[in-house]
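Colleague: My structure is below; once you've seen it, I'll send some questions.
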Amino acid sequence: MKYKGSCHCGKVAYEVEGEIKSAMACNCSMCQRKGSLLWFVPREQLKLLTPEENAATYLFNKHVIRHRFCTACGIHPYGEGTDPKGNAVPSNPSTTDTTVAAMNRKTSCFPFS
């Protein structure tokens, strides 16, 4: 299934292809503050619909996940990192446009929040 997501103002938008079968509740300080649930997919399943430079990057702690956020509205629509095998993965289903209630609370990780 194809999902679309974005920040609040639309300056950062994407599509992601995949099946949401489960999500992970991250216990890091950032995800706990946002109440995020994460969905991980291979990076090639994420297609940016807006220029990559529209999203700034925030790194903290071990700098494992690149938390991407909009410089205009501040919303964090997705993050990027690598799995234990070194494969690039985005995350954050909470900013996708779907009928799944858990995903409609705005917050490829793709946070469900």
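Colleague: Which residue, of Val12, Val16, is in contact with a Leu (Cβ under 7 Å, 6 or more places away or on another chain), modelled with pLDDT of 80 or more and surrounded by 21 or more Cβ atoms within 10 Å (Cβ to Cβ)?
Modeller: Val16
Colleague: May I pose another question? So for region 50-70 (the condition being surrounded by 14 or more Cβ atoms within 10 Å (Cβ to Cβ), touching a helix residue (DSSP H, G or I) at 6+ places or on another chain (Cβ under 8 Å) and not in a loop (DSSP other than H, G, I, E, B)), does at least one residue qualify?
Modeller: Yes, some residue in region 50-70 is surrounded by 14 or more Cβ atoms within 10 Å (Cβ to Cβ), touching a helix residue (DSSP H, G or I) at 6+ places or on another chain (Cβ under 8 Å) and not in a loop (DSSP other than H, G, I, E, B).
Colleague: Scan region 19-49 for residues that are over 20 Å from Asn87 (Cβ atoms) and either assigned to a loop (DSSP other than H, G, I, E, B) or not polar (S, T, N, Q) (or both) and report the count.
Modeller: Residues flagged as over 20 Å from Asn87 (Cβ atoms) and either assigned to a loop (DSSP other than H, G, I, E, B) or not polar (S, T, N, Q) (or both) within region 19-49 amount to 11.
Colleague: Considering only region 38-53, state which residues are touching a strand residue (DSSP E or B) at 6+ places or on another chain (Cβ under 9 Å) and more than 22 Å from His63 (Cβ to Cβ).
Modeller: The answer is Glu44, Gln45, Lys47, Leu49, Thr50.
For (1) at pLDDT 85 or above; (2) in contact with a Gly (Cβ under 8 Å, 6 or more places away or on another chain), each residue gets a yes or a no:
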{"position": "Lys34", "(1), (2)": "no, no"}
{"position": "Val41", "(1), (2)": "no, yes"}
{"position": "Pro51", "(1), (2)": "yes, no"}
{"position": "Ala55", "(1), (2)": "yes, no"}
{"position": "Leu59", "(1), (2)": "yes, no"}
{"position": "Lys62", "(1), (2)": "no, no"}
{"position": "Ile65", "(1), (2)": "no, yes"}
{"position": "Arg68", "(1), (2)": "yes, yes"}
{"position": "Thr71", "(1), (2)": "yes, no"}
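Colleague: Further question: What's the number of the condition Lys85 fails, among (1) buried (at least 16 other Cβ atoms within 10 Å of the Cβ); (2) over 12 Å from the mean Cα position of the chain (by Cα); (3) at pLDDT below 80?
Modeller: (1)
Colleague: Also, quick follow-up: Within region 1-29, how many residues turn out to be in contact with a strand residue (DSSP E or B) (Cβ under 7 Å, 6 or more places away or on another chain) and not basic (Lys, Arg)?
Modeller: 15
The values are calculated or read from the model by the stated rules, or taken from the named source; none is laboratory data. In this text the structure is predicted, and so the values were computed from the model without any measurement. Quick reminder, even Gly has a Cβ in these numbers, built from the backbone with ideal geometry, and neighbours come from all protein chains shown.
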